[in-house]
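K.L.:
Okay, here's the structure, questions in a sec.
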């Protein structure tokens, strides 16, 4: 389990263009790293659109925004194009980062128990340490809450 102040686990995953992206590429700048369950689902689409709407505010503060899910690169391409997302979406089908950040958990939906990604956002500081952990965030307000804290 990650805690505030710990070194954020580094990873290298392909973005929606197939370009490898490592967390360590962003040393020297803050990173909003948000994990979400699935492209093109109602909550995930609202969350991505909220980050897109707030993106200029993050950019003005020199903060990178990165979304991560198990979806494929091709799924991310369609999702990013459909909603005109200006930030990177990383594909993690093998759950490398998802498990390193502890967001692969048991979920209960309609009385059914299964494993899946629990919507969680991390703020990583300029030195690569975990500065904030926001578990089970609300898709519509997550971006605004983080931007307000910055």
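All of the numbers you see were taken from the coordinates with simple rules; none came from a lab. Everything quoted here is computed from the prediction, not taken from an experiment.
K.L.:
I'd like to know how region 1-65 sits against the 2.2 N^0.38 Å rule of thumb: what's its Cα Rg over that expected value? Walk me through the numbers before you get to the answer.
P.N.:
Numbers: Rg = 13.3 Å, N = 65, 2.2 N^0.38 = 10.7 Å.
For region 1-65, the normalised Cα radius of gyration comes out at 1.24.
K.L.:
Starting from the coordinates of the alpha-carbon atoms of region 64-150, obtain the Kirkwood hydrodynamic radius over all distinct pairs and give the value in Å to one decimal.
P.N.:
Numbers: mean 1/r = 0.0691 Å⁻¹.
Roughly 14.5 Å, rounded to one decimal.
K.L.:
So in region 12-149, what percent of DSSP beta bridges are antiparallel if you round to the nearest 5?
P.N.:
Details: 20 of 30 bridges.
Antiparallel: roughly 65 percent of the beta bridges in region 12-149.
K.L.:
How much of the calculated P(r) for region 22-116 lies past 20 Å, in percent of all Cα pairs?
P.N.:
Numbers: 1794 of 4465 pairs.
So the pairs more than 20 Å apart make up 40 percent of the total in region 22-116.
K.L.:
With contacts defined as alpha carbon pairs under 8 Å and 6 or more residues apart, what's the relative contact order of the chain in percent? Before the final figure, lay out each step's value.
P.N.:
Values: 302 pairs, mean separation 50.4, N = 150.
Reported relative contact order: 34 percent.
K.L.:
So, in Å, what gap is there between the alpha-carbon centers of region 87-150 and region 2-27?
P.N.:
Here the two parts' Cα centres lie 13 Å apart.
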